[in-house]
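What follows is one structure encoded as structure tokens, with my remarks underneath.
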Amino acid sequence: MAREGTIRAPSSTRRNQLLAKGEAMPASVIVGLQWGDEGKGKTTDFLAEQVAAVVRYQGGDNAGHTIVIGEDTFKLHLVPSGVLYGHITPIIGPGVVVNPETLLREFDGLVARGIDISRVRVSHAASLILPYHIALDKARETALGGAKVGTTGRGIGPAYEDRAARTGLRVEDLLDAASAASRLSRALPEKRALLHALGVDDPAATDERAILAQIAAWGERLRPHIADTNELVQRALGAGEHLLFEGAQGTLLDLSHGSYPYVTSSHPIAGGATTGGGIAPLQIDEVMGVMKAYATRVGSGPFVTELTDAIGERIATTGHEVGTTTGRRRRVGWNDALPLRYAVQLNGVSSIMLNKLDVLSGIPEILLCVAYEIDGKRVERWPSSTAELSRATPIYERFPGWSEPIHNVRALADLPENARRYVTALEELAGAPIVLLSVGPERTQTIERAWRPMRRSVNRP
Ligand code: GDP
Ligand code: IMO
Ligand code: MG
């Protein structure tokens, strides 16, 4: 069992090496280490106070990021989590798929609550989600029946397909009626044929005139927000500003590295920040991985440590494990060191924020998966193959729980010893330092553990 007191201080992280040398620290990436919903919204919001811009680099309105400030709860889907701070430029990068309809609805919701959205910038190169993408997403899921991915039904996969096929429309087309009309008229016959083949009769999803009218209206409203965000990012970096890149979904939902086909259609991993955010690999100096004290998954796919008993029910209820975007009940399980270590390596994680530790209070014994048994063999490396994962059974280490509530704890020393032991074990198995602990949804319900705050930007007005 892991011992308390063997914390690797984050002075070993690249950020702190640079800090010590007095060098610039341009950019941090915040990445989910599990299947999404790790609390990236809270983490981004917690760290954003110190940065000039927050950039979303992939995904679309399949994401649901929750931020709680006092009595106020904000659920963000496309707008980056930095929007709640007046000094931050929230940027939707070229790697994102944008449904203008939902983006504008989100704008309206924020404005109605007094949030200034005038600073939000959307990349001209981001791809559009149009009504036929949503119809196709739903039709494909229906056709898959019991083998469905369990998508959010937001058209994410079909929009990314069109980007790769070079048949999609981009945000820039919202401002160019001629380009939008010619791209749409080329795309529509194929979409109609596809929907017909899938047995869907939804003329509105491919109504050329209606879609062009929508595009014109969206363009009018979004015009002030559309920009070359790569230039904004590089200009800010050049001026010595600090930027935060906010991942959506999580490493295990990555199109290439997750349990395919039960994944999303983009690259949530830290590397996705380069292809989708407009930053170069060597401009990133910190990768903060976000995880919860247990595991959850929405949608289909293998989940080796899934709990279908009363403990799982209890965690789901206490942790309010209901999807932010779809309202679906999240599947719940014990933490699993195999995909965790895989995610830490794949993302080059330099520090971890562990969320929802409070949810485990009162559970007599906490289990942590340290290996799988697959076909009679002990396996310690996560096999991303769905076939292998479906044959895996978990091998657990057991930790005594703690009975007291911890949501009011603000100092590491005040945490129950068993909670500290569990955190240390997780950290040792993960292979990266856990520098922040969260014990509640609010900004302030955060414990700093061997943490040095990021430098404040010198150039911020
Ligand atoms: P994201 O998609 O990664 O941003 O995560 P979600 O917002 O979808 O889900 C995380 C949920 O947990 C949200 O409702 C948060 O308000 C909540 N949350 C975040 N951190 C904590 C925590 O430490 N304790 C508790 N109880 N809730 C938390
Ligand atoms: P955040 O950013 C959890 C899941 C879906 C489905 C799979 C593919 O809030 O962590 P998609 O609609 O993307 O084609 O669905 O991915 N999924 C998420 N699960 N959190 C998310 O986002 C998710 N976004 C997509 O449930 O299993
Ligand atoms: Mg979420």
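Listed residues V332, V359; which is within 16 Å of ligand 1 (Cβ to nearest atom), among the β-branched types (V, I, T) and under 18 Å from the mean Cα position of the chain (by Cα)?
Testing whether each residue is within 16 Å of ligand 1 (Cβ to nearest atom), among the β-branched types (V, I, T) and under 18 Å from the mean Cα position of the chain (by Cα) leaves just V332.
Kindly state which helices (runs of 4 or more DSSP H) lie completely within the range 199-279 and contain at least 3 residues that are over 23 Å from T44 (Cα atoms).
Because the criterion is at least 3 residues that are over 23 Å from T44 (Cα atoms), the helices (runs of 4 or more DSSP H) in the range 199-279 that meet it are 208-222.
Of the residues R209, R235, which single one is out of contact with any Lys or Arg (no Cβ under 9 Å at 6 or more places or on another chain), open to solvent by 60 Å² or more (accessible area, probe 1.4 Å), more than 30 Å from P339 (Cβ to Cβ) and in the same structural domain as M291 (by TED's automatic domain parsing)? Can you show your working first?
Values: R209 fails: in the same structural domain as M291 (by TED's automatic domain parsing).
After ruling out the rest, the residue left standing is R235.
Could you please give the count of residues in the range 157-186 that are in contact with a Ser or Thr (Cβ under 8 Å, 6 or more places away or on another chain), in contact (Cβ under 8 Å) with a residue 40 or more places away in the chain and open to solvent by 10 Å² or more (accessible area, probe 1.4 Å)?
Total meeting the criteria: 7.
Can you go through E190, E161 and tell me which one is charged (D, E, K, R) and under 26 Å from the mean Cα position of the chain (by Cα)?
Going through E190, E161 in turn, the sole match is E161.
Given the conditions (1) closer than 19 Å to G60 by Cβ; (2) open to solvent by 30 Å² or more (accessible area, probe 1.4 Å), and given that P224 satisfies all but one, which numbered condition is not satisfied?
Failed condition: (1).
For every residue, the table says whether it meets (1) outside the structural domain of G39 (by TED's automatic domain parsing); (2) open to solvent by less than 60 Å² (accessible area, probe 1.4 Å); (3) of a type in the set (F, W, Y); (4) in a strand (DSSP E or B).
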| residue | (1), (2), (3), (4) |
| --- | --- |
| L338 | no, yes, no, no |
| Y342 | no, yes, yes, no |
| I352 | no, yes, no, yes |
| D358 | no, yes, no, no |
| G362 | no, yes, no, no |
| L368 | no, yes, no, yes |
| E373 | no, no, no, yes |
| R378 | no, no, no, yes |
| E388 | no, no, no, no |
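Taking into account only those residues within the range 285-313 that are open to solvent by 30 Å² or more (accessible area, probe 1.4 Å) and away from ligand 1 (no atom under 13 Å from the Cβ), which is nearest to C369 (Cα to Cα)? Before you say what the answer is, go through the steps one by one.
The initial filter retains those residues of the range 285-313 that are open to solvent by 30 Å² or more (accessible area, probe 1.4 Å), namely 298, 300, 306, 308-311, 313.
Retained after the next criterion (residues that are away from ligand 1 (no atom under 13 Å from the Cβ)): 300, 306, 308-311, 313.
Working: S300: 20, E306: 11, T308: 16, D309: 17, A310: 19, I311: 16, E313: 19 Å.
Checked the range 285-313; the qualifying residue nearest to C369 (Cα to Cα) is E306.
Using the structure shown, decide if Y396 is crowded, with 20+ Cβ neighbours inside 10 Å and out of contact with any helix residue (DSSP H, G or I) (no Cβ under 6 Å at 6 or more places or on another chain).
Working: crowded, with 20+ Cβ neighbours inside 10 Å: no; out of contact with any helix residue (DSSP H, G or I) (no Cβ under 6 Å at 6 or more places or on another chain): yes.
Judged against the criteria, Y396 is not a match.
Evaluate the range 81-89: report whether one residue or more is open to solvent by less than 50 Å² (accessible area, probe 1.4 Å), among the aliphatic types (A, V, I, L, M) and in contact with a Ser or Thr (Cβ under 8 Å, 6 or more places away or on another chain).
Within the range 81-89 (the criterion being open to solvent by less than 50 Å² (accessible area, probe 1.4 Å), among the aliphatic types (A, V, I, L, M) and in contact with a Ser or Thr (Cβ under 8 Å, 6 or more places away or on another chain)), the answer is no, since none of the residues qualifies.
List the number of the failed condition for P131; all other conditions in (1) touching a strand residue (DSSP E or B) at 6+ places or on another chain (Cβ under 6 Å); (2) surrounded by fewer than 21 Cβ atoms within 10 Å (Cβ to Cβ) hold.
(1)
Considering only the range 49-104, how many residues are under 23 Å from L175 (Cβ atoms) and aliphatic (A, V, I, L, M)?
12
Quick check on the range 24-42. Is at least one of its residues open to solvent by 30 Å² or more (accessible area, probe 1.4 Å) and over 26 Å from G431 (Cβ atoms)?
Going through the range 24-42, the residues open to solvent by 30 Å² or more (accessible area, probe 1.4 Å) turn out to be 24, 26, 37.
Going one step further and asking which of them are over 26 Å from G431 (Cβ atoms), we end up with 24.
Yes: the range 24-42 contains one or more residues that are open to solvent by 30 Å² or more (accessible area, probe 1.4 Å) and over 26 Å from G431 (Cβ atoms).
Please verify whether the range 87-95 includes one or more residues that are farther than 27 Å from D254 by Cα and not polar (S, T, N, Q).
yes
Checking the conditions here, which among A310, A273 is farther than 21 Å from H77 by Cβ and either without any contact (Cβ under 8 Å) to a residue 12 or more places away in the chain or not hydroxyl-bearing (S, T, Y) (or both)?
Among A310, A273, only A310 is farther than 21 Å from H77 by Cβ and either without any contact (Cβ under 8 Å) to a residue 12 or more places away in the chain or not hydroxyl-bearing (S, T, Y) (or both).
The values are calculated or read from the model by the stated rules, or taken from the named source; none is laboratory data. This structure is a prediction, so every number in the text was calculated from the model and none was measured. Cβ: placed from backbone, ideal geometry, glycine included. Neighbour counts: every protein chain shown. For the accessible areas, the whole protein counts, side chains as well, though only heavy atoms, and no ligand, DNA or RNA atoms are used. Shrake-Rupley method; radii C 1.70, N 1.55, O 1.52, S 1.80 Å.
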